[in-house]
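Only one structure is covered here, and it is reproduced in the block below.
The values are calculated or read from the model by the stated rules, or taken from the named source; none is laboratory data. Remember, predicted model here, so these are calculated numbers, not experimental data. Quick reminder, even Gly has a Cβ in these numbers, built from the backbone with ideal geometry, and neighbours come from all protein chains shown.
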Amino acid sequence: MNNIYQRTLWGSLSAIPLLATGQVVIPQQPNIVIIVADDLGYGDLSCYGANALETPGMDRLATEGLRFTQGHCTAATSTPSRYSLLTGMYPWSNQNAKILPGNAALIIDKEQVTLPKIMKQAGYVTGTVGKWHLGLGDGAVDWNNEIYPGAREVGYDYSFIQAATNDRVPCIFIENGKGVGLDSNDPLYVSYQKNFIGEPTGKENPEMLRMHPSVGHDGSIVNGVPRIGFQTGGKNAQWKDEEMAELFLEKAKAFMRKNVDKPFFLYYGLHQPHVPRVPNERFVGKSGMGPRGDVILEADWCVMEFLKEMDRLGLTENTLVILTSDNGPVLDDGYKDDAEKLIGSHKPAGPYRGWKTTMYEGGTCIPFLLRWPAVVKPGGISNTLVCQMDLLASLSALVGESYSERTDSQNTLLAFLGLSSKGREELVMEGMFNYAFRKGDWVLIPPYTFGRVYELYNVVKDPGQKENVAEKYPAILRKMMRRLEQLKRTSGKVTVY
Ligand code: CA
């Protein structure tokens, strides 16, 4: 047994009689894989109650692992949520942790502690594939040269990523800091201010589109789809949306194959079901729910294929796999793809109120599945409050590493492994226009621009947040407001409300 691992695991888990009495065999350093879908809702998986969609790939992780009903991200939008997962910091601690354009500078400081850096410190090989959306470079990126700082400076030995999202330029892949397929005879230029002379746009050339915008998304046309922002050049490097899923999958599998003999850490960012929803033709029409349902089936197929590869490599037993989403679901997110019209009885946020961008549970209570056959019992359900932000401290403890930086991440490893019902006691969740504050069973939403009253919900008794009980429980309201104010003072950077 690896000494560091033994020391840490016994150190951190010694309170658990089950382990202390040796009833659980403690394995060597596990591989760690975090699969983060983009805008996948709590109710989008059949293991979370979806009837209109079948997701056997993701469900497999629930059957063979642990399913959390109170798994949270810190924010209801991508960049701030992903920032927290990787750095263990609340998004408000960094004023740049807002939804970023595709040419934004990297928002994670080169010196900052990150989950992949901790893993590297512990001797892991680290990789990231798929969606990035944390900024790249220093704010004036030359896409035709090495992009610095980037994924390597965040702690990844290997990276194959898109700069931001499917719907934002630049629509190219970046492997280890270099634009894939770029040719010096046709350099790529990107702007979020103005179009380049002679380039068609969604606004000026709707006749060239195979998918039309509903809001925004009227910039450069790439692969027949209009995007946010403008780009010119780099024609041979432009991605094809319908090939993206399989390409990311292949890169994720290849990373695993290459590192089969070493402990590895992989962050696999599925680009689905974020817009534009353009599945491979094999999935077109398969869900009966239009492109949004089809790309969820495609994402699920990717998860299944990835897990099968893990089986083939003999890695399943001692690999800790987490599947989650960066924020809640959304239907119309800027393209006319019939997501609302074809939704039928399907409830993407499950029992929860709200969506992506909102501070209700539907915005931040997301699918959260954890499988580690060597340690975690199969088929479990945990109602413990856990948060992606706590993976930094928890997985650091798991691999025997520490860091000196002060972060907002708490070590809730035992809760993540289903060995304790003690998770996070309080959590601030960021919506696009406001914050929500969870403490125990209660969620407080202070007044803000679009909601003039105090809102208070008991989310254990009332998960759908139907009854605002602020007037009924003034003492709880006051206590929570005081605590939230205290948290705001501690960080000193929450200024939204
Ligand atoms: Ca997202």
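Quick grid of which residues meet (1) over 21 Å from I147 (Cβ atoms); (2) hydrophobic (A, V, I, L, M, F, W, C):
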position: W92; (1), (2): yes, yes
position: L106; (1), (2): no, yes
position: Q112; (1), (2): no, no
position: K117; (1), (2): no, no
position: Q121; (1), (2): yes, no
position: T128; (1), (2): no, no
position: K131; (1), (2): no, no
Which members of the range 316-345 meet the condition of being farther than 26 Å from D218 by Cα and surrounded by fewer than 20 Cβ atoms within 10 Å (Cβ to Cβ)? T316, E317, N318, G344, S345
Just to verify a result, which residue in the range 59-93, among those that are in contact with a strand residue (DSSP E or B) (Cβ under 6 Å, 6 or more places away or on another chain) and of a type in the set (A, V, I, L, M), is nearest to A245 (Cα to Cα)? L61
Could you check the range 450-465 and list, in sequence order, the residues that are more than 18 Å from F433 (Cα to Cα) and free of Cβ contacts under 8 Å to residues at least 60 places away in the same chain? Y457, N458, V460, K461, D462
Would you say N236 is surrounded by fewer than 22 Cβ atoms within 10 Å (Cβ to Cβ), assigned to a helix (DSSP H, G or I) and among the polar types (S, T, N, Q)? yes
Working only within the range 425-444, note down all residues that are charged (D, E, K, R) and farther than 24 Å from K98 by Cα. E425, K439, D441
Residues within the range 130-146 that are surrounded by fewer than 23 Cβ atoms within 10 Å (Cβ to Cβ) and either within 23 Å of the chain's Cα centre (by Cα) or not aliphatic (A, V, I, L, M) (or both), tallied: 7
In contact with a Gly (Cβ under 7 Å, 6 or more places away or on another chain), touching a residue at least 60 places away in the same chain (Cβ under 8 Å) and among the acidic types (D, E), is that true of E361? yes
Going through the range 117-129 in order, the residues found to be farther than 16 Å from A397 by Cβ and surrounded by fewer than 24 Cβ atoms within 10 Å (Cβ to Cβ) are K120, V125
Only one of G198, G150, G135 is closer than 21 Å to F230 by Cα, among the small types (G, A, S) and touching a Leu at 6+ places or on another chain (Cβ under 6 Å); which? G135
Among (1) in the same structural domain as V36 (by TED's automatic domain parsing); (2) at pLDDT 95 or above; (3) not in a strand (DSSP E or B), I381 falls short only on (3)
So in the range 265-293, with the set limited to residues that are crowded, with 24+ Cβ neighbours inside 10 Å, outside any loop (DSSP other than H, G, I, E, B) and not basic (K, R), which one is farthest from the ligand (Cβ to nearest atom)? F265
Residue count for the range 316-330, restricted to those that are within 14 Å of the ligand (Cβ to nearest atom) and not polar (S, T, N, Q): 4
Among the residues of the range 248-263, are any out of contact with any Phe, Trp or Tyr (no Cβ under 7 Å at 6 or more places or on another chain), of a type in the set (V, I, T) and buried (at least 21 other Cβ atoms within 10 Å of the Cβ)? no
Among the candidates A97, A104, A140, A75, residue that is in the same structural domain as Q272 (by TED's automatic domain parsing) and away from the ligand (no atom under 16 Å from the Cβ): A140
